[in-house]
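Following: one structure in structure tokens, then a few remarks.
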Amino acid sequence: MTVTWEELGWERVAEGVGRCRLPGWDCTAGLVLGAGPVLMVDAGSSLAEGARLRGEAQRLAGRRVTHLALTHPHFDHVFGTPAFAGTDVYAAAGAEAVLAHGREALRLDAVRNGLPAPEAEEAADALPLPRRPVSGEWALDLGDGRRALLADVGPGHTRHDLAVLVPGDPPVVFCGDLVEESGDPQAGPDAVPSRWPAALDRLLALGGDDARYVPGHGAVVDAAFVRRQRDALAARFGVS
């Protein structure tokens, strides 16, 4: 039996498109309902959170998640991936190498940011690799004329930033942490600050002026917000 977005505490962003703000780090997880296929955007910060998202997505869609797009290889967006067994997992090309060789760094970062050590170890050990690397753009057919466009728009927040455009009225763009609303964008050791403003230019070209932009953390924003954040990052990092 399906339920409404609101009944599960999700936010409807557009027809057949929703997202929830997860506790702890205020991360976004997105869901796109197709005629048959179901696309999840990001997987949460632990196996338990991933299992919760999988279960809620199945209740909302009335069927299981078939595709999972990871916006970037940080623990709070990928550690729930093992809960989505049997799904096609997509990420920007190169992210699979980070997840393959950087599990210990991800585990340590998770613990440093407050994830209990046993949960971090469990997720890092079980983390599967994306088998669908996206270089450039990948059009995903969701059936009955609906599609999602996965675009490798980075580097910026990381070296491997993936955005997801869902065309419609309005269009919806899942931005990952290229855009943050609940705080200043975070530039960690794997960020590429000199190219972040250009990544936001690509994001804006992807969605256009009328899109709803869903950040990795915080409330849904418009194109004007993304432009202001782009200009602030350019000034912060001394690039045009």
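The values are calculated or read from the model by the stated rules, or taken from the named source; none is laboratory data. Values in this document were obtained by computation on a predicted structure and should not be read as measured data. Counting neighbours? That spans all protein chains shown, and the Cβs are built from the backbone with ideal geometry, glycine included. Heads up: the accessible areas ignore ligands, DNA and RNA and are worked out on the full protein's heavy atoms, side chains in. Shrake-Rupley method; radii C 1.70, N 1.55, O 1.52, S 1.80 Å.
Residue count for the range 185-223 satisfying the condition of being in a helix (DSSP H, G or I) and either without any contact (Cβ under 8 Å) to a residue 24 or more places away in the chain or out of contact with any strand residue (DSSP E or B) (no Cβ under 9 Å at 6 or more places or on another chain) (or both): 8. The single residue among Asp190, Asp177, Asp184, Asp152 that is within 23 Å of Asn113 (Cα to Cα) and buried (at least 22 other Cβ atoms within 10 Å of the Cβ) turns out to be Asp177.
When Val111 is tested against (1) surrounded by fewer than 24 Cβ atoms within 10 Å (Cβ to Cβ); (2) β-branched (Val, Ile, Thr); (3) free of Cβ contacts under 8 Å to residues at least 60 places away in the same chain; (4) under 30 Å from Val226 (Cβ atoms), only condition (4) is not met.
Within the range 165-174, the residues that satisfy the criterion of being open to solvent by less than 10 Å² (accessible area, probe 1.4 Å) and under 14 Å from Val220 (Cα atoms) are Val172, Val173, Phe174.
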